[in-house]
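Student: This is the structure I have questions about; it appears just below.
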DNA sequence: AAGTCTACTGACCAAACGGTCATAGGAATG
DNA sequence: CATTCCTATGACCGTTTGGTCAGTAGACTT
């Protein structure tokens, strides 16, 4: 709608930004971050390609915007779960369940999550922060690492390096989620969550009765 | 060398194929699968781009060739490790160590491994076998799944679904390896291996003395 | 030496991409 | 109604890619 009143502009701009962001998210969910083209986002949003550049200076800026809002949402949800009352396995289960369910209900976000977690050959990506994952992903991992570290301080968790333990768990979880998204009829969420939590807390090995 | 004798041709062709494959591998290790261009492979192999199409019909065919030889190598190494004598944790540790060290010494293979394990929007990829990962990756996962299943049959491993357990472990490991490759001075391989094996066999939770 | 065979070459092509810009046209203003 | 203002447009551009093909040159055959 060209020519909207001047007062409406400050109302319209955030709306357009959200519309474009959501369209971009849908495209990412279908094609992945690499396959996401500006033209397809424009079509998805019902706008022309040039219009996108009225609200975002470049493709990269749009990607950052979308990634940030997505990670913020996930971060918040998992932080809440980790902060609940309960034993260590209880809270780990709550966080794991939250993580899996988050992507269960918002499947479109997961491919973005993966792309950010394991960035490709991105231009300045590699130079600035490619060393061990995107800052957004590192921040998310720190959530789990801090949880494990706190558990170790209270003597509830064996002394593995918390950051590496977090990485192992997060990546293992991501693998399970990716599998789930590919399955036409995946097992109940709780089943996969229980696998992770039980395997982690008690181990998978059957100890002979001593 | 144009105009080689006719008899040498059947000697030369496998050599060229290997040369091109190895050049492609080096390019993949630098730029990732998406960033791998035919021109750069040609330069790396000291050939013209057109020559590549004398030995491979398309880019896709070249990728499959490279991936297959790489997976075969990994498959063989891990199969050997899983088949050794020893207790369950011993053999799991051997396989894990083999897996990590394989990529430690041949870093160039890991990005290919990841690309195959988590394929992007590839054209007919998605249609034919995108459902839950590339067949090559599924075959590799089955290696671990069978190992876990055998352990369960002997009552050594708790009854988690073996395929999902394998997926969880493999992806967690992949995360650790990816991190290692990004680190300028990663911790000893054994340290990360011990984390995985100990966390899996005994669990990370400190059980109160009963 | 002339002719043939063929591995090899690199200029070339069409398609697809991110990004630009002159233009259009409805709302606000007078 | 005339003018101004501004969002939205889509044709267009430069670049990069996978893939092609007429032509080159060196070794074999006779």
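The values are calculated or read from the model by the stated rules, or taken from the named source; none is laboratory data. This structure is a prediction, so every number in the text was calculated from the model and none was measured. Neighbour counts are summed over all protein chains in view; Cβ atoms, including those assigned to glycine, are modelled from backbone coordinates with ideal geometry.
Student: Could you check segment A:163-196 and list, in sequence order, the residues that are closer than 17 Å to residue A:90 by Cβ and surrounded by fewer than 21 Cβ atoms within 10 Å (Cβ to Cβ)?
Tutor: Answer for segment A:163-196, where residues must be closer than 17 Å to residue A:90 by Cβ and surrounded by fewer than 21 Cβ atoms within 10 Å (Cβ to Cβ): A:189, A:190, A:194.
Student: Shifting gears a bit: What residue, of B:61, B:19, B:40, is more than 17 Å from the chain's Cα centre (by Cα) and away from DNA strand C (no atom under 15 Å from the Cβ)?
Tutor: Residue meeting the stated conditions: B:61.
Student: May I pose another question? In segment A:2-98, which helices (runs of 4 or more DSSP H) lie fully inside it and hold 2 or more residues that are within 23 Å of residue A:138 (Cβ to Cβ)?
Tutor: Because the criterion is at least 2 residues that are within 23 Å of residue A:138 (Cβ to Cβ), the helices (runs of 4 or more DSSP H) in segment A:2-98 that meet it are A:6-31, A:59-82.
Student: Among the helices (runs of 4 or more DSSP H) contained in segment A:114-209, which hold 3 or more residues that are at pLDDT 85 or above?
Tutor: Of the helices (runs of 4 or more DSSP H) lying wholly inside segment A:114-209, those with at least 3 residues that are at pLDDT 85 or above span A:135-153, A:162-182, A:189-202.
Student: Among A:54, A:33, A:25, A:47, which is the only one that is away from DNA strand D (no atom under 16 Å from the Cβ) and more than 14 Å from every other protein chain (Cβ to nearest Cβ)?
Tutor: Testing whether each residue is away from DNA strand D (no atom under 16 Å from the Cβ) and more than 14 Å from every other protein chain (Cβ to nearest Cβ) leaves just A:25.
Student: Please go through segment B:172-194 and give me each residue that is without any contact (Cβ under 8 Å) to a residue 12 or more places away in the chain and at the interface with chain A (Cβ under 7 Å from one of its Cβ atoms), ordered by number.
Tutor: Across segment B:172-194, the qualifying residues are B:175, B:179, B:182, B:183.
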